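One structure below.
The values are calculated or read from the model by the stated rules, or taken from the named source; none is laboratory data. Only a predicted model underlies this, so the values are computations on that prediction, with no experimental measurement involved. Cβ placement follows ideal geometry from the backbone for every residue including glycine, while neighbour counts extend to all protein chains displayed.
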């Protein structure tokens, strides 16, 4: 195998590969990236056995072939090479070495045989559709904060992507929850997605997927089967196993009878919560909301470190209410609101609270109160 | 020499009998009124409580413990005469003392009595370090002016009140540090009061065996003996460096203890890092139903102890020992600390389901660690388990009923498995 490639192109391709590779793993080949050169391009493949990413890049291939080399080392080298450099990679199968040359630098990297590299078994995808990058970006960005890290409820360690009936008809819906808060985000159902089975996309996959979604013009080809999900751009294909579990019936968690309505500027609200919670040194900082007509007082009272209050002018017309929340959950939820006011719907101090972005019905959040 | 009557608490200057009440229970020691670190240890605590609540047991040997494969948790002094000791296997205890009455422990009652004793101690000093339900260190330094009496008098008063108000007796060790106070409380049991002064410390320790040191168990004792160390005098012949080199950090500690030096403070929190309970089965089992019952009962015990100590914990640990003595531990950290038996049980049960071993097991244990005050516990609900709040309320109501009518007044079906 022998090819030469532009440094910037190589860096981009290898960056995605090395982020999939597990830093700590006991199987040496999993630390490597599989490089395959053929025709007028090179393909970089990396996997942690749950996620596989394949990145194609144009290159001048002198001699077709394939080998595997440490993804992290290769990435580090390429990253430190000067911009604009032309990089030449060639392997010596007998010596088990990959030579990387750029300008006057020369590296010999240990390789492992390409035959040992695990390639993810292909899947029958029952649904194939195309979605805009901004649509997917919104679905996952707004839901991922609520993904659980709790290992015992492993089926919450991802975003549940499925077809649902939203307030404006059929929708592609993403839901995540950790039992303390829940995010539900809808997008119009793309053509071809109707038959899609509901899948739980793991946290790490959500993170990797995000890197494909920066380009506003990009169209993402999405394929879904019962066990796998695939997101592809012309250059990058990200395939991931989905979490083998049943996502709980979240619909019964969403309160429908909350009538006490608070409307507040989301940014101001988040700032005030952050401000008052500064006095608390506890791990889970509790903030109390005291609501009276058009007036919200946020207060924190920590027996060890002190107390603080902040007042906000809001729209509220119901009876007096006091309710406590984990400050972090409140700021995270409020920061999901981009343009409009945050609209909170309360019931009592012990019941889940609902939040929406203005009159937008496509995103909805639930947060559990805390005793204060 | 300053002296104190343990019956009427009169203080006086030397004499075999109290000048006021003529009692012979006189405590005299040159440093009696200057020492302030104490260790209080109840005498056969569980057994005393049982005898108090059931006067028929008063003159009989009583053993607290359960099951044939179980061990003795406490033996009353009558049973001890026959050679019964704590931690002894039950069958052996019954061989030594076949007429003994075996009583199943009633933890809730002991917890309650322990709370009452704690309340009495709180009147002496805020600086209390409980080691278990029935023993605690107390630092009474600087309390003489507040109470109008030196620590020794207040401690004598404490055990007197424990006996008259709660019906349990205890022994006091008074010295200048925790290590010696703990040794002292054991010197003159039951209903003892022993003093080890600073001046006599070295003489006192010289010929005592090193196994007196808390933390020197059988294994450590054996390795000390192989180095020719049996008594404190043997220990004192070693250089600090040599001890540290041979026995590591515990060696360095030994050097200080050999000289009766112990700088550890009496502190409320340092004692407790985790709360756990375990049980060894009558016969090894792989039955999920039986194990589930055990997980529930253990979770309830752990929860009861956490509640008694006003504590909660963030990490739940499940311990399993297989029939082949392989030890498995599984743990998980919760979002917020808990003291609710239901939450501990559900978490432990989940760990059990994912333990990756089908048994059979000979032992199972449930533990709670990463402890936090109870005020921080169970503050938020779980969206996906809306009934959790109701179950927690039911549990608190159950606790109230049990506090009034006894442990068995109300039970969960799964406790009977």
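Those residues that are away from chain B (no Cβ under 13 Å), closer than 23 Å to residue A:313 by Cα and surrounded by fewer than 19 Cβ atoms within 10 Å (Cβ to Cβ), I need them from the range A:357-372; list them, please. A:358, A:359, A:360 - these are the residues of the range A:357-372 that are away from chain B (no Cβ under 13 Å), closer than 23 Å to residue A:313 by Cα and surrounded by fewer than 19 Cβ atoms within 10 Å (Cβ to Cβ).
Contact annotation: no residue pair with Cβ atoms under 6 Å, 6 or more positions apart or on different chains, pairs a residue in the range B:384-401 that is within 14 Å of chain A (Cβ to nearest Cβ) with a partner that is loosely packed, with under 11 Cβ neighbours inside 10 Å and in a loop (DSSP other than H, G, I, E, B). If you go through the range B:252-275 and keep only what is buried (at least 19 other Cβ atoms within 10 Å of the Cβ) and either touching a strand residue (DSSP E or B) at 6+ places or on another chain (Cβ under 7 Å) or without any contact (Cβ under 8 Å) to a residue 60 or more places away in the chain (or both), you end up with B:253, B:254, B:255, B:258, B:266, B:275.
Restricting attention to the range B:69-110, the residues being within 30 Å of residue B:143 (Cα to Cα) and surrounded by fewer than 18 Cβ atoms within 10 Å (Cβ to Cβ) number 0.
Listed here are the residues, each with its yes/no results for (1) without any contact (Cβ under 8 Å) to a residue 24 or more places away in the chain; (2) in contact with a strand residue (DSSP E or B) (Cβ under 9 Å, 6 or more places away or on another chain); (3) not in a loop (DSSP other than H, G, I, E, B).
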residue: B:3; (1), (2), (3): no, yes, yes
residue: B:9; (1), (2), (3): no, no, no
residue: B:16; (1), (2), (3): yes, yes, no
residue: B:19; (1), (2), (3): yes, yes, no
residue: B:33; (1), (2), (3): no, yes, no
residue: B:46; (1), (2), (3): no, yes, yes
residue: B:86; (1), (2), (3): yes, yes, no
residue: B:92; (1), (2), (3): yes, yes, yes
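From (1) assigned to a helix (DSSP H, G or I); (2) touching a residue at least 12 places away in the same chain (Cβ under 8 Å); (3) surrounded by fewer than 17 Cβ atoms within 10 Å (Cβ to Cβ), pick out the condition that doesn't hold for residue A:110. It fails just one condition, (1). How many residues are over 28 Å from residue A:286 (Cα atoms) and either touching a residue at least 24 places away in the same chain (Cβ under 8 Å) or part of a strand (DSSP E or B) (or both) when one looks only at the range B:336-355? Selection size over the range B:336-355: 5. Checked across the range A:135-142, the condition of being more than 14 Å from chain B (Cβ to nearest Cβ), closer than 24 Å to residue A:339 by Cα and touching a helix residue (DSSP H, G or I) at 6+ places or on another chain (Cβ under 6 Å) holds for at least one residue. Whether any residue in the range A:280-287 is away from chain B (no Cβ under 14 Å) and either surrounded by fewer than 19 Cβ atoms within 10 Å (Cβ to Cβ) or not in a helix (DSSP H, G or I) (or both) is what I want to check. The answer is no; no qualifying residue exists.
Filter the range A:251-262 down to the residues that are buried (at least 17 other Cβ atoms within 10 Å of the Cβ) and modelled with pLDDT of 90 or more, then identify the one that is nearest to residue A:165 (Cα to Cα). Explain how you work it out, then say what you get.
So in the range A:251-262, the residues buried (at least 17 other Cβ atoms within 10 Å of the Cβ) come out as A:253, A:258, A:260, A:262.
Applying the additional criterion that residues be modelled with pLDDT of 90 or more yields A:258, A:260, A:262.
Working: A:258: 21, A:260: 26, A:262: 27 Å.
That would be A:258.
Just a yes or no: is a residue in the range A:233-244 within 14 Å of chain B (Cβ to nearest Cβ) and over 30 Å from residue A:43 (Cβ atoms)? No: the range A:233-244 contains no residue that is within 14 Å of chain B (Cβ to nearest Cβ) and over 30 Å from residue A:43 (Cβ atoms). If you go through the range B:143-193 and keep only what is over 17 Å from residue B:117 (Cβ atoms), touching a residue at least 60 places away in the same chain (Cβ under 8 Å) and surrounded by fewer than 17 Cβ atoms within 10 Å (Cβ to Cβ), you end up with just B:186.
Based on this model, can you work out whether residue B:407 counts as at pLDDT below 80 and either within 14 Å of another protein chain (Cβ to nearest Cβ) or closer than 16 Å to residue B:302 by Cα (or both)? Answer is yes for this residue.
Restricting the search to strands (runs of 3 or more DSSP E) fully inside the range A:1-94 and requiring at least 3 residues that are farther than 23 Å from residue A:121 by Cα gives A:2-6, A:60-63, A:86-92. Which is modelled with pLDDT of 90 or more and under 27 Å from residue A:210 (Cβ atoms), of A:113, A:134? None of the other options fit; the residue is A:134. Looking at B:320, B:291, B:311, B:298, just one residue is over 30 Å from residue A:325 (Cα atoms), more than 14 Å from chain A (Cβ to nearest Cβ) and within 20 Å of the chain's Cα centre (by Cα), and that residue is B:298.
Would you check if residue A:124 is modelled with pLDDT under 95, in a helix (DSSP H, G or I) and more than 14 Å from chain B (Cβ to nearest Cβ)? Criteria not met by residue A:124. Taking the numbered list (1) out of contact with any strand residue (DSSP E or B) (no Cβ under 7 Å at 6 or more places or on another chain); (2) over 20 Å from residue A:235 (Cβ atoms); (3) at pLDDT below 90 in turn, residue A:49 passes all entries but (3). Scanning the range A:165-187 for residues that are in contact with a helix residue (DSSP H, G or I) (Cβ under 9 Å, 6 or more places away or on another chain) and without any contact (Cβ under 8 Å) to a residue 40 or more places away in the chain, we see that the one that is nearest to the other protein chains (Cβ to nearest Cβ) is A:178. The set of residues in the range A:173-205 being closer than 16 Å to residue A:226 by Cα, more than 14 Å from the chain's Cα centre (by Cα) and surrounded by 20 or more Cβ atoms within 10 Å (Cβ to Cβ) consists of A:193, A:196, A:199.
Can you tell me which of A:311, A:322, A:263 is more than 14 Å from chain B (Cβ to nearest Cβ), in a strand (DSSP E or B) and closer than 23 Å to residue B:378 by Cβ? Talk me through it step by step, then tell me what you get.
On the way: A:311 fails: closer than 23 Å to residue B:378 by Cβ; A:263 fails: closer than 23 Å to residue B:378 by Cβ.
Matching residue, one of A:311, A:322, A:263: A:322.
Going by the conditions given, is residue A:337 touching a residue at least 24 places away in the same chain (Cβ under 8 Å), more than 22 Å from residue A:180 (Cα to Cα) and away from every other protein chain (no Cβ under 13 Å)? Spelling it out, it is not the case that residue A:337 is touching a residue at least 24 places away in the same chain (Cβ under 8 Å), more than 22 Å from residue A:180 (Cα to Cα) and away from every other protein chain (no Cβ under 13 Å). So, residue B:219, is that one in contact with a helix residue (DSSP H, G or I) (Cβ under 6 Å, 6 or more places away or on another chain), without any contact (Cβ under 8 Å) to a residue 40 or more places away in the chain and in a helix (DSSP H, G or I) or not? No.
Screening residue A:156 on (1) over 29 Å from residue A:75 (Cα atoms); (2) away from every other protein chain (no Cβ under 14 Å) shows it passes everything except condition (2).
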